[in-house]
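Trainee: To start, I am sharing the structure in question, which I have written as structure tokens.
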Amino acid sequence: MDETGTNLVKLSGVCAILYGVTWVAWLVVSAVATPWDPGDMGPYLLQVNADPTAYLVANWLAVISHVVGLPVALGFYQVLRRWGAMLWVGVLALVLGSLFFIAANIMFRAFAYELGSRYVAASEATRPALEVLASTLYQTGLFLDLIAHELFFSIGIGLFSLAIFRTSVAPKWVGWFGMFGAVAAGGFSLLTLPIIVGWIVAPEPLVVLASGVMIVGMLAAYGWIVVMGIVLLRQREPVTLAT
């Protein structure tokens with residue numbers, strides 16, 4: 001008997017749980033290391049250069065979590081594929097979203113860590129140019145992050161959550177749980193993320209509300225991934241590899 005499909009599902013289940021664990025670790029570290037909106041780039045670069053450890057740990061945890069999570073979409077597809085070929089859109093969205101997240105976090109790490117030391121050594125005359133460069137790279141990373149949110153959460157998790165309602169793989173509440181995460185972390189991010197990072201000027205209470213919606217949505221989305229990882233590991237019937 002070909003056990004390739006079953007083994008892939010089990011591997012995806014383990015990766016899904018590790019994905020959630022490493023992401024929570026990133027959330028905890030980044031809460032104290034990397035503000036959503038750094039404000040003036042000069043003081044921010046000085047801060048990162050003075051204490052780079054937490055910043056580097058946070059960004060590498062983000063990269064590692066999304067690398068670990070790359071096989072997850074294939075496992076989800078294997079057990080939910082009865083919904084139809086539309087799920088391949090979900091697979092592609094999760095994988096591309098993860099790649100955009102990885103690219104964004106590598107950019108965040110590279111610009112702050114590399115430019116931080118250069119900024120400290122630079123003269124007062126050259127520092128403004130480094131601040132402009134840092135701001136440009138940071139804004140580019142945020143744009144990649146926004147694309148990742150829409151691909152990963154809105155489309156990827158949204159489609160796989162909808163598929164749960166058409167199958168008996170998981171209880172219906174798991175589907176609703178995933179839909180909440182997809183909307184709060186994905187759909188709303190078109191508004192909440194620009195407010196959080198300062199693209200849209202808003203009063204402080206609205207910024208706090210947007211941050212809360214984003215964090216709750218992401219916790220729900222990654223909590224859903226962990227729940228689905230457990231669902232994959234508990235599969236009893238052999239899974240035939242599908243393409």
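The numbers here are math on the coordinates, done by the rules we state, and not lab data. This one's a predicted model, so the numbers in the text were calculated from it and none came from an experiment. Note that each Cβ is placed from the backbone with ideal geometry, even for glycine, and that neighbours are counted across all protein chains shown.
Trainee: Pop a pseudo-label 7 angstrom from the Cα along the beta-carbon direction at both V89 and I106 and give the gap in nm to one decimal.
Mentor: 2.9 nm
Trainee: Now for a different question. At 0.36 nm per residue, minus the direct Cα-Cα distance, what do L191 and L233 gain on full extension? Give it in nm, one decimal, please.
Mentor: 11.5 nm
Trainee: Rounded to whole Hz and in sequence order, give me ³J(HN,Hα) for the stretch 189-205 from the Karplus expression 6.51 cos²θ - 1.76 cosθ + 1.60, θ = phi - 60°, writing x for Gly and Pro.
Mentor: Values, residue by residue: 5, 4, 9, 5, 5, x, 5, 4, 8, x, 5, 10, 6, 9, x, 4, x Hz.
Trainee: Here is a follow-up. Measure off 7 Å from each Cα along the Cα-to-Cβ vector at D51 and V67, then give the distance between these two points in nanometres to one decimal.
Mentor: 2.7 nm
Trainee: Now for a separate question. Provide R127, R236 in ascending order of the number of other Cβ atoms located within 10 Å of each residue's Cβ, fewest first.
Mentor: Numbers: R127 16, R236 4.
Going from least to most buried by this count: R236, R127.
Trainee: What nm distance separates the two modelled labels at E3 and A31, each placed 7 Å from Cα along Cα→Cβ?
Mentor: With each label point 7 Å from Cα toward Cβ, the separation is 4.1 nm.
Trainee: Given that just one value was derived from the coordinates, which of (i) 19.6; (ii) 18.8; (iii) 20.8 is Kirkwood radius over Cα pairs in Å?
Mentor: The calculated read-out lines up with (ii).
Trainee: For the stretch 66-123, what are the per-bin percents of Cα-Cα distances with bins 10 Å wide, up to the bin holding the maximum?
Mentor: For the stretch 66-123, the pair-distance distribution reads 22, 32, 20, 14, 9, 4, 0.
Trainee: To the nearest Å, what is the center-to-center distance of the stretch 108-163 and the stretch 165-184, using C-alpha atoms only?
Mentor: So the separation of the two Cα centres works out to 31 Å.
Trainee: If one takes the longest principal axis of the Cα atoms in the chain, at what angle in degrees, from 0 to 90 and to the nearest 10, does the Cα axis of helix 127-149 lie?
Mentor: Tilt of helix 127-149: around 10 degrees.
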